[in-house]
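The values are calculated or read from the model by the stated rules, or taken from the named source; none is laboratory data. Given the structure is predicted, the values throughout are model-derived calculations rather than measurements. Glycine gets a Cβ as well: all are built from the backbone with ideal geometry, and neighbour counts include every protein chain shown.
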Amino acid sequence: MDGTILQNGYPSLDELRQMGRFPSEERFRKGPVAVIECIQQIPCDPCEGACPFGAIHVGTPITNLPVLDENRCTGCGACISHCSGLAIFVVNKAYKPGMATVSFPHEYLPLPENGQIVDAVDRAGSFVCKAEVIRISNAPANDHTPVITIAVPLEAADDVRGMKRLGHEDSYAGEAERGIKAAEGDDVLVCRCEEISIGDIKKAISEGATTLTGVKRRTRAGMGLCQGRTCHQLIERMLQNASNVPVEPDTVRPPMVPVSMDVLGRSADDE
Amino acid sequence: MMNDVADVVVIGGGMQGLSTAYFLLKKGRNVTVIERGDIANGTTSRSDGDIFVCDSTPGYFTKLQKAALDEIVALTHEIDDFDWMAKGCVILAENEEQVEIAKKQYQEKIADGIRCRFMDKHDVHEDEPNTAPDIPGGLEFPDGGSLNPMLFAYSLTRAIRQMGGKIRCFTTVTGIDVSPEGVLRGVRTDDGDILCSTAVIACGVWSREIGMMAGLDIPITPMKGDLLVLEPNVYITRRKTMDIGYSLLRHKKAGGADEKTFEEAHGIGFLIEPTNEKNALIGFSKYPADSTVSSLGVMQAMARRAIRFFPIIKDMNVIRAYAGVRPWTPDHEAIVSATDVQGLYVNAGHAGDGIKLGPISGKMMSQLICGEQTDFDLAPLRLDRFKEVRV
Ligand SMILES: Cc1cc2nc3c(=O)[nH]c(=O)nc-3n(C[C@H](O)[C@H](O)[C@H](O)COP(=O)(O)OP(=O)(O)OC[C@H]3O[C@@H](n4cnc5c(N)ncnc54)[C@H](O)[C@@H]3O)c2cc1C
């Protein structure tokens, strides 16, 4: 049985469908279309501004989930790299008979090459099938978030949402660190939800924090609505730079995404 | 490896360890705190910060808690800010039967000199308009308040260092060195030995294993509690509000054979605490378990219980859950005591009150060590009271 957001931290296909977060099959058949799998009610709206066709609407309050106008969307993919939650994909179910393409953000180096056969994975990161890379977009407009397009069997189009990373040498954290160095300045915000700056994090480290938890407890960074999805990697790298010892992974606390008290209270007991 | 000498070694850098070190330093003693993780690595960082005198046993323990509150208020003038908010709290009765219990508690608290107001249905809804319409009454305690336990721990840490105290984090105590005559000689750690003639075991739920290193039986076991954190900027109540079951459960160990429902077996009750970070904590649970991983079933039961008292909570989002283990003793009161090993003391087992009782216990531990008169008679808090029970 499919797990739920509450248990796994990522939504199941059924849940996404029920939440009305999936374009219609009719629209899918017409060609490429954006699939916005954002379930985080966080103060975040770059996707709205990223769409050249005005097809994404967040509105006020800014914590609304984005809504896609599927008829305006051309499947151009401009939104993919602008989503800091890495939750937007473009799926083309009319690619070739029996074949679809899936475009997704991929923040790991090394990047694959065109024509390379890679392992396609689902929302949980589990292997689904082999896939061929047909496009790699790393334009300056992507702002260090490359977008990869792979071809997969049509049946896999709703499940595949990424590929296995190829190497482990350089990761998103490396990219993130470069971002921080470029930005400089202690007043740059690292945690947007709680408004915690680079300077605040540096102070916590100087007062003895050596772990992500230590920084969180001293500053509240990563304890807001998004629960650290955006800032944890940055803080980890800052800690690593400060101590030269590998940083302990943070404790993951449920629920992985905000869930209403009503839904929580009603979900079936599993004990 | 770093071999060392100290006047007093305090084992554990949670609320009890830090408070003990603080008061010993104020008396001019030379103190080293040994903590196996970061500051407040244990239960202190998984706690609420409620400092109320509303659920204690009448008499001695109520007076002790009142003194504990005064001690914390005094500390707000001595050390860096720790988000102290003096707001009082409200306790709700769910039905007429509980209204009668509330009336009885009202009498007891007044007798112990604690300010308290009985609230009828009208008063309750006037005070907190979001309360479910059928809630028939409750009690208001105007004194007390809440603090941020992490900030409290960090403020004490700064004060300890300023007074010249040493805190060695990420150092684990691995043994206690006792002479054949039963006198403390030192403390062994994974980073060298420390020679000392006085040491305090302040290790919360881990005190039992430290005690065993010195041949002592310290009967402390873990009693789990879960909390939910609501999204920021929601408004439900002005102040801490809980169901009267909280005080009933205090005297009861959940998980007994006669408890039929999941709720009973897990000590589920309702508590809401608006925090300074503008979100709110929702509790509570109380059951024997040794894990700090939140239990889904308990989270669900707490959500249902909260909606029962405040239906508007229904549409609010939970962003995080966490859990901690209260250091529980057989009679659910703390151990602030000397031991059979000369020079070795215990300050632990404060159950669900260890933040509140931290400063008063630390102060009395420092008085005990320095051979002074303690603020309260320590007999009800002695370790050997459990021996007597067993014989
Ligand atoms: C959900 C929940 C809510 C609570 N709410 C409240 C509340 O509102 N008000 C209140 O007053 N109390 C509350 N409590 C209770 C309170 O948190 C505890 O009583 C208190 O934190 C205990 O403090 P401590 O110093 O005794 O133990 P701890 O904080 O656990 O400290 C013990 C320390 O010893 C260290 N240690 C262990 N073994 C070793 C070793 N071998 N060497 C070196 N160090 C070691 C640990 O790392 C730890 O840091 C709550 C508890 C829970 C679980």
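Taking each residue of the range B:38-62 that is closer than 24 Å to B:Glu108 by Cβ and looking for partners that are near the ligand (Cβ under 8 Å from one of its atoms) and assigned to a loop (DSSP other than H, G, I, E, B) with beta-carbon atoms closer than 6 Å, six or more apart or interchain, yields B:Ile51/B:Lys356. Put simply, of B:Val187, B:Val178, B:Val183 the only residue that is surrounded by 15 or more Cβ atoms within 10 Å (Cβ to Cβ), away from the ligand (no atom under 13 Å from the Cβ), over 23 Å from A:Thr211 (Cβ atoms) and touching a residue at least 24 places away in the same chain (Cβ under 8 Å) is B:Val178.
Matching residues to (1) among the charged types (D, E, K, R); (2) away from the ligand (no atom under 13 Å from the Cβ); (3) crowded, with 16+ Cβ neighbours inside 10 Å; (4) within 14 Å of chain A (Cβ to nearest Cβ):
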| residue | (1), (2), (3), (4) |
| --- | --- |
| B:Asp50 | yes, no, yes, no |
| B:Thr57 | no, yes, yes, no |
| B:Thr62 | no, yes, yes, no |
| B:Lys66 | yes, yes, yes, no |
| B:Asp80 | yes, yes, no, yes |
| B:Gly88 | no, yes, yes, no |
| B:Ala93 | no, yes, yes, no |
| B:Val99 | no, yes, yes, no |
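Scanning the range A:207-222 for residues that are more than 7 Å from chain B (Cβ to nearest Cβ), in contact with a strand residue (DSSP E or B) (Cβ under 7 Å, 6 or more places away or on another chain) and assigned to a loop (DSSP other than H, G, I, E, B) returns A:Ala221, A:Gly222. Remark: pairs (first residue in the range B:351-367, more than 14 Å from chain A (Cβ to nearest Cβ); second residue near the ligand (Cβ under 6 Å from one of its atoms) and charged (D, E, K, R); Cβ separation under 6 Å; 6+ apart in sequence or on different chains) = B:Ala351/B:Arg326; B:Gly352/B:Arg326. Just one of the listed residues (A:Pro97, A:Pro43, A:Pro11) is surrounded by fewer than 18 Cβ atoms within 10 Å (Cβ to Cβ) and at pLDDT below 90, namely A:Pro43.
Of the helices (runs of 4 or more DSSP H) entirely within the range B:287-391, those holding at least 1 residues that are within 13 Å of the ligand (Cβ to nearest atom), touching a helix residue (DSSP H, G or I) at 6+ places or on another chain (Cβ under 7 Å) and under 30 Å from B:Ile135 (Cβ atoms) occupy B:296-309.
Conditions tested, residue by residue: (1) in contact with a His (Cβ under 8 Å, 6 or more places away or on another chain); (2) part of a loop (DSSP other than H, G, I, E, B); (3) within 30 Å of B:Gly371 (Cα to Cα).
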{"site": "B:Leu25", "(1), (2), (3)": "no, no, yes"}
{"site": "B:Ala40", "(1), (2), (3)": "no, yes, yes"}
{"site": "B:Ser56", "(1), (2), (3)": "no, yes, yes"}
{"site": "B:Leu69", "(1), (2), (3)": "no, no, yes"}
{"site": "B:Leu92", "(1), (2), (3)": "no, no, no"}
{"site": "B:Val99", "(1), (2), (3)": "no, no, no"}
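Is it the case that the range B:230-247 has a residue that's farther than 30 Å from A:Cys193 by Cβ and within 14 Å of the ligand (Cβ to nearest atom)? Yes, some residue in the range B:230-247 is farther than 30 Å from A:Cys193 by Cβ and within 14 Å of the ligand (Cβ to nearest atom). Residues that are among the basic types (Lys, Arg) and within 20 Å of B:Val8 (Cβ to Cβ) are absent from the range B:350-362 altogether. Taken over the range A:255-264, the criterion of being surrounded by fewer than 21 Cβ atoms within 10 Å (Cβ to Cβ) and modelled with pLDDT under 80 is satisfied by A:Met256 alone.
The residues of the range B:33-50 that are modelled with pLDDT under 95 and within 25 Å of B:Asp243 (Cβ to Cβ), listed by number, are B:Arg46, B:Ser47, B:Asp48, B:Gly49, B:Asp50. Could you check, for the range B:209-216, whether at least one of its residues is within 9 Å of the ligand (Cβ to nearest atom), over 18 Å from B:Thr43 (Cα atoms) and touching a strand residue (DSSP E or B) at 6+ places or on another chain (Cβ under 6 Å)? So far as the range B:209-216 goes, yes, one or more of its residues are within 9 Å of the ligand (Cβ to nearest atom), over 18 Å from B:Thr43 (Cα atoms) and touching a strand residue (DSSP E or B) at 6+ places or on another chain (Cβ under 6 Å).
Taken over the range B:330-340, the criterion of being crowded, with 20+ Cβ neighbours inside 10 Å and either within 19 Å of B:Ile360 (Cα to Cα) or not hydroxyl-bearing (Ser, Thr, Tyr) (or both) is satisfied by B:Glu333, B:Ala334, B:Ile335, B:Val336, B:Ser337. Do the conditions hold for B:Gly352, that is, is it crowded, with 21+ Cβ neighbours inside 10 Å and modelled with pLDDT under 95? Here the answer is yes, as B:Gly352 does meet what is asked. Put simply, of B:Asp4, B:Asp38 the only residue that is among the acidic types (Asp, Glu), touching a Leu at 6+ places or on another chain (Cβ under 9 Å), within 30 Å of B:Asp177 (Cα to Cα) and within 15 Å of the ligand (Cβ to nearest atom) is B:Asp4. B:Gly225 meets each of the listed conditions (1) outside the structural domain of B:Ala321 (by TED's automatic domain parsing); (2) in contact with a strand residue (DSSP E or B) (Cβ under 7 Å, 6 or more places away or on another chain); (3) within 12 Å of the ligand (Cβ to nearest atom); (4) of a type outside the set (Ser, Thr, Tyr) apart from (1). Checked against (1) in contact with a Phe, Trp or Tyr (Cβ under 7 Å, 6 or more places away or on another chain); (2) within 23 Å of B:Phe23 (Cα to Cα), B:Cys116 passes all but condition (2).
Scanning the range B:195-208 for residues that are more than 8 Å from the ligand (Cβ to nearest atom) and out of contact with any Gly (no Cβ under 6 Å at 6 or more places or on another chain) yields B:Ala199, B:Val200, B:Ile201, B:Arg208. Test A:Ser103 against the criterion of being buried (at least 18 other Cβ atoms within 10 Å of the Cβ) and of a type in the set (Gly, Ala, Ser), and give yes or no. It is true that A:Ser103 is buried (at least 18 other Cβ atoms within 10 Å of the Cβ) and of a type in the set (Gly, Ala, Ser). Can you name the residue in the range B:10-35 that is surrounded by fewer than 24 Cβ atoms within 10 Å (Cβ to Cβ) and at negative phi and, of all such residues, is nearest to the ligand (Cβ to nearest atom)? Taking the candidates together, the pick is B:Thr32.
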